[in-house]
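Worksheet: the structure to be examined is printed underneath.
Just so it is clear, none of the values below were taken in a lab; they were calculated from the coordinates. Owing to the predicted nature of the structure, the values given are computational and were not obtained by experimental measurement. We place every Cβ from the backbone using ideal geometry, glycine too, and count neighbours over all the protein chains shown.
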Amino acid sequence: MCFQCVVPSRRRFLSLTATCVATAGLLPRALSAATSLSPDQALAKLKAGNERFVASPQLCETDLAGQRGAVAKGQSPWATILTCADSRVTPELLFGGVGLGELFVARNAGAMADTAVMGTIEYGAEHLHSPLIVVLGHQRCGAVAAACDVARNHTRLSGSIAPMVNAIVPAAIAVKGKPGDFVDNAVRENARRTATKIGTQSLIVKELVHEGKLKIVYARYDLDTGVVEFLSEPGHA
Ligand SMILES: [Zn+2]
C-alpha cells in the first residue's frame, strides 16, 4: 500500500485521482525545490514505508500519470538508495510503494560503490539535496555468496564478473570463520564497508555530513519477511 492510495477502495481511488488531477498544475514547481525533510525525517519515512510493505504488501493504484507530470520538470528525491540489482530488491516497493521522483536509486550486483556509483551518490547529495543515503544489502545475495565462494574455495570467475565480485571479497575474508551464516555475515560487513567508503572517500559527502545536511546508514533486507533492518543504529554495529 502506498503513500498516495492508503485505502484501496474504488471510491477512494477515484477521489484521490480527482484530487491529483486538480492539484497537478501546482505540483511541478513545488516538487522541483529540494526536499524539506531532514536526514532523520527521511529515515523515519523509509522505516514507516517498510512497515506498511511488511504489514500489507500490495501493488496499489497510484496515480502514476499524475506523478509523472508533477515531476517531469524537476526532481527532489528525499532519500538515496544504493542496493543490489537483484530483481527481488526493489526500493520503491519495499519502502511502501514510493512513487516517481521520490527515491534516487543506484543499483548493481552486490551494491558496490564504484566510481559511477560514487559520482551518482554525490550528484544526489550535492545537486538534488537528498538528505539520506542508505546502503542496502540483502539476504542470500548472489554476488556476496560468490565472493564468499572465492574467499573459501578460491573459485575463478569469468569475464567482468571476476573483478566485480573481487571488490566484495575483502568483506567476505573479514568475516570468514565467524559464528553464524557466512554469506549473511558478509552481506552485513559489505554494506558496512560500502557505507564507510562513501562517508570517508567522498569529500562532497563528508562535508555535507559534517554540516548535518546528510546522513549515511546501512541496512539489510530480508527476502523472507520483507523487513529492512537498519544495522548502523544503536544496538547493531
Ligand atoms: Zn544481491
**Complete:** The answer for Ala79, listing residues at least 5 apart or on another chain whose modeled amide H is closer than 5 Å to its amide H, is Phe104
**Asked** Among Val228, Val54, what is the fewest-to-most ranking by other Cβ atoms within 10 Å?
**Response** Val54, Val228
**Asked** Applying the Karplus parametrisation 6.51 cos²θ - 1.76 cosθ + 1.60 with θ = phi - 60° to the phi angles of segment 175-190, what ³J(HN,Hα) value in whole Hz is obtained for each residue in order, glycine and proline being reported as x?
**Response** 10, 4, x, 7, x, x, 6, 4, 5, 5, 4, 5, 4, 5, 5, 5
**Request:** Tabulate in residue order the Karplus-calculated ³J(HN,Hα) for segment 95-111, using 6.51 cos²θ - 1.76 cosθ + 1.60 with θ = phi - 60°, rounded to whole Hz; enter x for Gly and Pro.
**Result:** 9, x, x, 7, x, 6, x, 10, 10, 9, 10, 10, 9, 7, 4, x, 6
**Asked** Sequence-distant or interchain residues sharing an amide H contact under 5 Å with His138, placed H: which?
**Response** Tyr221
